[in-house]
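Data block below; observations after.
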């Protein structure tokens with residue numbers, strides 16, 4: 001198996017697109033994926049961002065706190081199902097009602113309803129920040145989410161839309177992994193020409 005670590009913020013549509021791609025690839029490339037939280041709130045707390053973006057950050061923190069708490073209380077195996085349940089509502093579902101999203105996601109994955117309290121609790125913030133730092137320190141401060149590490153070689157992204165399927169997904173995976181395996185490879189980029197296209 002190939003060990004893969006994936007850092008995500010539940011609120012990031014680009015991380016969601018990339019996570020669907022990794023799901024597509026995993027059975028065909030025998031990936032053992034471990035899902036980790038990172039936080040757009042933490043990433044941007046000391047940065048100069050627009051007022052509209054700053055207003056959105058507290059909501060992102062709520063979801064990240066919830067996922068962190070569930071990982072601590074239920075174990076790593078609970079992280080991905082909760083991410084899927086939250087992300088389906090947040091991204092293709094275009095939901096903004098955080099309380100309802102949290103309640104429905106917890107119910108979907110069979111977790112206690114009172115876990116919703118952790119979305120507004122700083123009880124596990126040290127663990128959230130440690131997970132975030134673990135991911136971001138592998139790629140540097142000038143990136144966002146997602147961060148992926150394949151057998152220890154880490155990179156930001158890829159930023160993709162729509163999620164590639166079938167052979168296209170596998171071709172992209174093989175190319176990205178090949179590029180990232182070279183220690184001196186740093187950047188490959190072009191301007192985004194479309195928003196996330198959800199399945």
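Throughout, read-outs are computed from the coordinates displayed, never taken from laboratory work. Treat the numbers as computed from the prediction; the structure is a model and nothing was measured. So basically every Cβ, Gly included, is an ideal-geometry build from the backbone, and we count neighbours across all protein chains shown.
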Fewest-first ranking of 1, 56, 17, using other Cβ atoms within 10 Å as the exposure measure:
1, 56, 17
Give the order of 36, 132 when sorted by the count of other beta carbons within 10 angstrom, beginning with the fewest.
36, 132
Two-site label geometry, residue 129 and residue 49: point separation in nm, points 7 Å out along Cα→Cβ
1.7
Using a 7 Å offset from the Cα along the Cα-to-Cβ direction at both residue 94 and residue 34, what is the distance between the two label points in nm, to one decimal?
3.8
With the 8 Å Cα cutoff and a minimum separation of six or more residues, the range 2-180 has a relative contact order in percent of 34
What residues from the range 54-94 fall in the zone where the backbone N is under 16 Å from a label point 7 Å along the Cα-to-C-beta line of residue 165?
92
For a footprinting-style exposure proxy, rank 83, 53 by other Cβ within 10 Å, fewest first.
53, 83
Residue 56 label point, 7 Å along Cα→Cβ, cut-off 19 Å on backbone N: hits in the range 120-145?
142-145
Rounded, prolate or oblate for the range 1-66? Axes are the square roots of the Cα gyration tensor eigenvalues, ordered a ≥ b ≥ c, and the cut-off for rounded is a/c under 1.5.
prolate
To the nearest 10 degrees, how steeply does helix 166-180 sit against the main Cα axis of the chain, on a 0 to 90 scale?
80
Bin width 5 Å, origin at 0, all Cα-Cα pairs of the range 132-192: what percent of pairs per bin?
4, 16, 27, 27, 18, 7, 1
Taking R0 as 30 Å and r as the Cβ-Cβ distance between residue 190 and residue 141, the FRET efficiency 1/(1 + (r/R0)^6), rounded to the nearest 0.05, comes to 0.85
For the chain, find the longest principal axis of its Cα atoms and tell me its angle to the long axis of helix 79-90, 0 to 90°, nearest 10.
80
Considering only the chain, what is the antiparallel percent among its DSSP beta bridges, to the nearest 5?
55
Note down, for the chain, the three equivalent ellipsoid semi-axes (square root of 5 times each alpha carbon gyration tensor eigenvalue), biggest first, whole angstrom.
26, 19, 17
Any idea how far the Cα center of the range 34-88 sits from the one of the range 97-175, in Å?
7
